[in-house]
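One structure is given below, encoded as structure tokens.
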Amino acid sequence: MRKDVRILLVGEPKVGKTSLIMSLVSEEFPEEVPLRAEEITIPADVTPERVPTHIVDYSVIFPLFQANVICIVYAVNNKKSIEKVSFPCPVCLCVAMYRVPLILVGNKSDLVEHSSMETILPIMNQYSEIETCVECSAKNLKNISELFYYAQKAVLHPTGPLYCPEEKE
Ligand code: GTP
Ligand code: MG
């Protein structure tokens, strides 16, 4: 049994990394957020898999290799943040070296009519390290707890079948 899970959120500026963490913690959308959320620990008994889970907001000084799973956050209304997902970067390097699973997180789904899955699926097919993808909204709390559950699951039950909630509907 793993003793804990450390989830790291990375992504372009302003895609909503900090808001996602704050929304999970307070169960409401924070109108104002600090640049970076403090590391939070969710106690084992309130996580679905019963394992203490640390959630770490991106900062340049966080040692990537301490993460058990990395969530790459983009904003579904921001093309540039989606394109960045597909480019080699320190995260990809870390993922390749340490086999850290990745989750693609399309935030701000409240701002668009249609899904970004068409753009995201080719990227998913390109990187086998990408465990799953999820579209969510820190603003209307859609798929927030699901996102952190998928991240936890990617660590505890790796190489699960690809699962796109949007596709299953
Ligand atoms: P940096 O720390 O600067 O890299 O940004 P970040 O990725 O932590 O984003 P942050 O949480 O600071 O949010 C950036 C802006 O997007 C803020 O104005 C948030 O209110 C807004 N925002 C975050 N999530 C959502 C969302 O789901 N929907 C909408 N409409 N706005 C959001
Ligand atoms: Mg931030």
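The values are calculated or read from the model by the stated rules, or taken from the named source; none is laboratory data. Just so it is clear, the structure is predicted and the values come from calculations on it, not from any experiment. Cβ coordinates were reconstructed from backbone atoms using ideal geometry, including for glycine residues, and neighbour counts include every protein chain displayed. Please note that ligands, DNA and RNA were not included when accessible areas were found on the heavy atoms of the full protein model with its side chains. Shrake-Rupley method; radii C 1.70, N 1.55, O 1.52, S 1.80 Å.
Kindly state, to the nearest 0.05, the FRET efficiency for residue 127 paired with residue 65, given R0 = 22 Å and r defined as their beta-carbon distance.
With R0 = 22 Å, the Cβ-Cβ based efficiency is 0.75.
What net charge do the residues around residue 119 carry, taking every other residue with its C-beta under 11 Å from that of residue 119, with Lys and Arg at +1 and Asp and Glu at -1? Before the final figure, lay out the partial values.
On the way: positive: 79; negative: 83, 118.
Result for the local shell: -1.
Treating only the Cβ of Lys, Arg, Asp and Glu as charged (+1, +1, -1, -1), what charge dipole size does the chain show about its Cα centre? Round to the nearest 20 debye. Present the calculation step by step, with values, prior to reporting the outcome.
Values: 16 positive and 22 negative charges, 107 e Å.
Rounded to the nearest 20 debye, it is 520 debye.
Students often check this: by mean Cβ neighbours within 10 Å, which of 133-146, 29-42, 108-121 ranks highest, and how do the rest follow?
By packing density, highest mean first, the sequence is 133-146, 108-121, 29-42.
Report the net charge of residues surrounding residue 153, where surrounding means a beta-carbon distance below 9 angstrom and charges are Lys +1, Arg +1, Asp -1, Glu -1.
-2
Calculate I(q)/I(0) for the chain by the Debye formula, one identical point scatterer on each C-alpha and no solvent, and give its log10 at q = 0.12, 0.16 Å⁻¹ to two decimals.
Log10 of I(q)/I(0), two decimals: -0.47, -0.89.
Which order do the peptides 14-22, 2-10 come out in when sorted by mean C-beta neighbours inside 10 angstrom, highest first? Mind dumping the intermediate values first?
Values: 14-22: 23.2, 2-10: 19.4.
Order by mean packing, descending: 14-22, 2-10.
Using 0.36 nm per residue of separation minus the Cα-Cα distance, give me the extension gain between residue 79 and residue 140 in nm, one decimal. Walk me through the numbers on the way to the answer.
Details: separation 61, 0.36 × 61 = 21.96 nm, distance 2.12 nm.
Gain on extension, residue 79 to residue 140, equals 19.8 nm.
How do the peptides 47-56, 149-158 rank, highest first, by the average count of neighbouring beta carbon atoms within 10 Å per residue?
Output ranking for 47-56, 149-158: 149-158, 47-56.
Roughly how many Å² is the accessible area per residue of the chain, as a whole number, for a 1.4 Å probe?
55
May I ask you to evaluate 6.51 cos²θ - 1.76 cosθ + 1.60, the Karplus curve with θ = phi - 60°, for each residue of the stretch 55-68 and list the ³J(HN,Hα) values in order in whole Hz, giving x for glycine and proline?
10, 10, 6, 4, 8, 4, 8, 6, x, 3, 5, 7, 7, 8
With r as the distance between the Cβ atoms of residue 2 and residue 118 and R0 = 25 Å, compute the FRET efficiency 1/(1 + (r/R0)^6) and round to 0.05. Please report the intermediate quantities before stating the final value.
On the way: r = 35 Å, r/R0 = 1.39.
According to the calculation, E is roughly 0.10.
First obtain the Kirkwood hydrodynamic radius of the stretch 41-93 from its Cα pairs, then insert it into the Stokes-Einstein equation at 20 °C and 1.002 mPa s, and state the resulting D in µm² per second as a whole number.
Roughly 160 µm²/s, to the nearest whole number.
For the stretch 3-147, what % of the accessible area comes from carbon and sulfur atoms, probe 1.4 Å? Mind dumping the intermediate values first?
Numbers: 4210 of 7640 Å².
Whole-percent figure for carbon plus sulfur exposure: 55.
What is the distance in Å between the Cα centres of the stretch 131-156 and the stretch 24-86?
So the two Cα centres are separated by 10 Å.
How much net charge surrounds residue 4 when only other residues with a Cβ under 15 Å from its Cβ are counted (Lys, Arg +1; Asp, Glu -1)? Before the final figure, lay out each step's value.
Details: positive: 2, 3, 6, 50, 153; negative: 39, 45, 49.
Summing Lys and Arg as +1 and Asp and Glu as -1 gives +2.
Considering the dipole of the chain built from charges on the beta carbon (Lys and Arg +1, Asp and Glu -1) around the Cα centre, which of 59, 138, 92 is farthest to its positive end?
92
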